[in-house]
Amino acid sequence: MTTPPLIPSRRRGTWGKSTAGVVLTAVMLFPVYWMINVSFTRDQDMRKSPPGLFPLHGTLTGYRTVLDEQLPYLGTSLVVALGTVVLTVALSAPAGYALAQLRPRGGGVLGFVLLAAQMIPGIIMAMGFYAVYLSLGLLQSVPGLIVADSTLAVPFAVLIFTAFMSGIPGELLQAATMDGAGTWRTFRSIVLPMSRNAVVTVSLFAFLWSWSDFVFAGTLVNGGAHQPITLGIYHYIGNNNQEWNAIMATAVVASLPAAVILVLAQRYIAAGVSAGAVKD
Amino acid sequence: MRDPQMNHTKQRPDGRSASAGGGAATAAPPPAPARARRRPASRQWAAWAFLAPVTLYLVVFYAYPLYRNVDLSLRHYTVRSFVQGNAPFTGLKNYETVFDDPTFGPALMHTVVFTTVCLFFQYAIGLALAVFFHQNFRLSATLRALFLVPWLLPLIVSASTWSWMLNSDSGIVNSVLHTVGIGPVNWLTSPDWSLTSVIIANIWIGVPFNLVVLYSGLQSIPGSLYEAAALDGAGAWRRFWSVTFPLLRPVSAITLLLGLVYTLKVFDIIWIMTKGGPAGSSTTFATWSYQLGFGNLLPAFGPGAAVGNLLVVAALAFGLVYLRVQRKQALS
């Protein structure tokens, strides 16, 4: 009895495995396909039985509705998401530098608190924010929503920055100190430029989470003048709207940032998921 | 165990700035580093100056809202006293109300079922896919990237897509079931099925996370172990149970514990798909808390906050277990 050699047997099965992989991926992504399919379906075909598997008589009505009704929501989402990115990076990059390189007394406790903070359920934070914002008059305000959304990303961001910046060799920073650069100068001119990848990872996640946020938006700015796209979709569904092509077209548009990021910056995402292992 | 994963983000600094720094190092006078090390006080100050914004932020935007929530749960709030802020202190009354509420038992039950079933399937499917993709066939990297899509989509997008797919009359799921002779299932409108529906949708969303983390765990298992097992005549199934599964235990523990914390607090999916209904049949602690505080015309802020705090305690308890396990693994 001989054991078959490992390598050839692996290579033999490779096409079969690729096919199986494609099938599995297709099954997994079917809901995404379905969303796109429905977004192109005509109203009169929407309740057809069985439903059409392909948008044969495709229509752009849904997308026209998005252009007519949802642009302000998309604009708000963009502003809120970008604001969240700026706030998150501004807060967590210096913190990451301090925790990774300066290692102050009590830094460990702070790191621990940040990790624990990620465990707090979003709706609890939302209720707390609601109570606070009500007394401060910050309900229905875009800056208020930006601050609330940043709580989704700041603990994760500090974690990523700390991990990344501890990889910067200490001698390099000492050299800068010897050249007379203060801590701030060292941070600005050496640490930050070297941490570009961490900045990108953190920005991507902060953007995605803020763009996708529904809990804070629904609690803090619902019904206000500036509402994000997640509420746009939610109101569509809530109004017992039967124009599912418009709903799904909005959903497709709302998914575009995720798609763009996946295509252009996938390695940052995969790295962020494993490194932070923070969000489910 | 987590270090190999961290390496993805921990990129080496690029050569240019490193050499510039090196040049500066040789030009500088040698005693300087010793002097720098002898000044820990100023360094401490500098460090805390860098940490000040985030510390203040934690106090104002985490600690204070949490404190407000505890305060809410210990007072009798009405809409008027919520605005004026003079609600009478009632101790644990709100918690008693919550425990005596007929929703408490079912909500606890649904939370437990939702969490365990989701965790089990997300982990099992994620692990199976991770092992499958670990074989490194043509296209495997691309397909693995595509698997991230459900995880990256806004939850409202996933939830509304699943709502339409599970629609009783026009949904694709019932249409497919019809062709194999199974009658229409009222996925979202029947109390018997609503919890199952939200569980299915949530499993779909959670699989990519498990896949990515478990896949990076698989990469740290040395290939020589598999070769040795194969030489000993172990088949693929045997190799999985005697090599992969035991060696993946640390990563599995981390994945499951994190999954637990994050599944406990799932709110969006359930709220968007069923609002916890019909008749409370998919109500978990998360949706119940929100329902009490915001879902009714007459908000019950106190009991809502009480339910929320129970959830915080549960999430933090499991979170601490997670941190302990993680620390222990980092040390070993």
With the cut-off at 31 Å, tell me which of the pairs B:Lys93/B:Lys265; B:Lys93/B:Lys275; B:Lys265/B:Lys328; B:Lys93/B:Lys328 have Cα atoms farther apart than that. B:Lys93/B:Lys328
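Within 10 Å of each Cβ of A:95-107, how many other protein chain Cβ atoms are there on average? Please report the intermediate quantities before stating the final value.
Details: counts 9, 3, 4, 9, 4, 0, 3, 9, 3, 10, 4, 5, 4.
Counting other chains' Cβ atoms within 10 Å and averaging over A:95-107 gives 5.
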Average Cα contact separation per residue, chain A, under 8 Å, 6 or more apart, as relative contact order %: 31 percent
In the calculated pair distance distribution of chain B, what percentage of Cα-Cα distances lie above 28 Å? 60 percent
Using packing as a proxy for protection, rank A:130-141, A:214-225 so that the peptide with the highest average count of other Cβ atoms within 10 Å comes first. A:214-225, A:130-141
What are the ³J(HN,Hα) couplings of segment B:128-136, residue after residue, when phi is run through the Karplus curve with 6.51, -1.76, 1.60 and θ = phi - 60°? Round to Hz, x for glycine and proline. 4, 5, 4, 5, 4, 6, 5, 6, 6
Based on Cβ point charges of +1 for Lys and Arg and -1 for Asp and Glu, what charge dipole magnitude is obtained for chain A about its Cα centre, in debye rounded to the nearest 20? 920 debye
Only Lys, Arg (+1) and Asp, Glu (-1) charged, at Cβ; segment A:33-85 dipole about Cα centre in debye: 160 debye
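FRET efficiency for B:Leu177 and B:Leu331, Cβ-Cβ distance as r, R0 = 45 Å, nearest 0.05?
Working: r = 51 Å, r/R0 = 1.14.
Efficiency at R0 = 45 Å is approximately 0.30.
List the relative contact order of segment A:55-152 as a percent without decimals, with contacts defined as Cα pairs under 8 Å and 6+ residues apart. Provide the component values of the computation, followed by the final result.
Numbers: 26 pairs, mean separation 42.2, N = 98.
Taking the mean separation of contacting Cα pairs over the length of segment A:55-152, I get 43 percent.
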For segment A:120-131, in residue order, the Karplus 3J(HN,Hα) values (coefficients 6.51, -1.76, 1.60; θ = phi - 60°; whole Hz; Gly and Pro = x) are 6, x, x, 5, 5, 4, 4, 5, x, 4, 4, 4
Amide H contacts under 5 Å for B:Arg75, placed H, 5+ residues apart: B:Thr90
For peptide B:222-230, compute the average count of partner chain beta-carbon atoms within 10 Å of each residue's beta-carbon. 1
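How high is the relative contact order of chain B? Use alpha-carbon pairs under 8 Å, at least six apart in sequence, and give a whole percent. Intermediate values should be presented prior to the final figure.
Working: 337 pairs, mean separation 82.7, N = 332.
Relative contact order, chain B: 25 percent.
Taking square-rooted eigenvalues a ≥ b ≥ c of the alpha carbon gyration tensor, is chain A rounded, prolate or oblate, where a/c under 1.5 means rounded and, failing that, a/b exceeding b/c means prolate?
Working: a/c = 2.49, a/b = 1.24, b/c = 2.01.
It comes out oblate by the Cα gyration axes.
Averaged over B:168-176, how many beta carbons belonging to a partner chain fall within 10 Å of each residue's beta carbon? Don't skip to the answer; put the middle values down first.
Details: counts 0, 2, 9, 2, 9, 1, 3, 5, 2.
If you average over the peptide's residues, the count of other-chain Cβ atoms is 4.
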Which value in nm describes the separation of the simple spin-label points at B:Leu323 and B:Ser190, placed 7 Å from the Cα toward the beta carbon? 4.5 nm
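With Cβ to Cβ distances under 15 Å as the rule, what net charge do the other residues near A:Arg185 carry (K, R +1; D, E -1)? If you can, show how the numbers build up before the last one.
Values: positive: A:Arg188, B:Arg43; negative: A:Asp179.
Net of charged neighbours comes to +1.
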Spin-label model distance (nm) - B:Thr90 vs B:Asp169, 7 Å beyond Cα toward Cβ: 4.3 nm
HN-Hα J couplings of segment A:180-189 from phi, Karplus 6.51/-1.76/1.60, θ = phi - 60°, integer Hz, Gly and Pro as x? x, 7, x, 4, 5, 4, 4, 4, 5, 9
Compare the peptides A:58-65, B:320-327, B:266-273 by average per-residue count of other Cβ atoms within 10 angstrom and give them in order, highest first. B:266-273, A:58-65, B:320-327
Order of A:177-186, B:281-290, A:42-51, B:45-54 by packing, highest average Cβ count within 10 Å first? B:281-290, B:45-54, A:177-186, A:42-51
Can you compute the charge dipole magnitude of the protein assembly as shown about its Cα centre, using +1 on each Lys and Arg Cβ and -1 on each Asp and Glu Cβ, nothing else charged? Give it in debye, rounded to the nearest 20. 2180 debye
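Taken together, the values in this text are just the output of simple stated rules run on the coordinates, not laboratory data. Just so it is clear, the structure is predicted and the values come from calculations on it, not from any experiment. Note: ideal-geometry Cβ built from the backbone for every residue, glycine included; neighbour counts use all protein chains shown.
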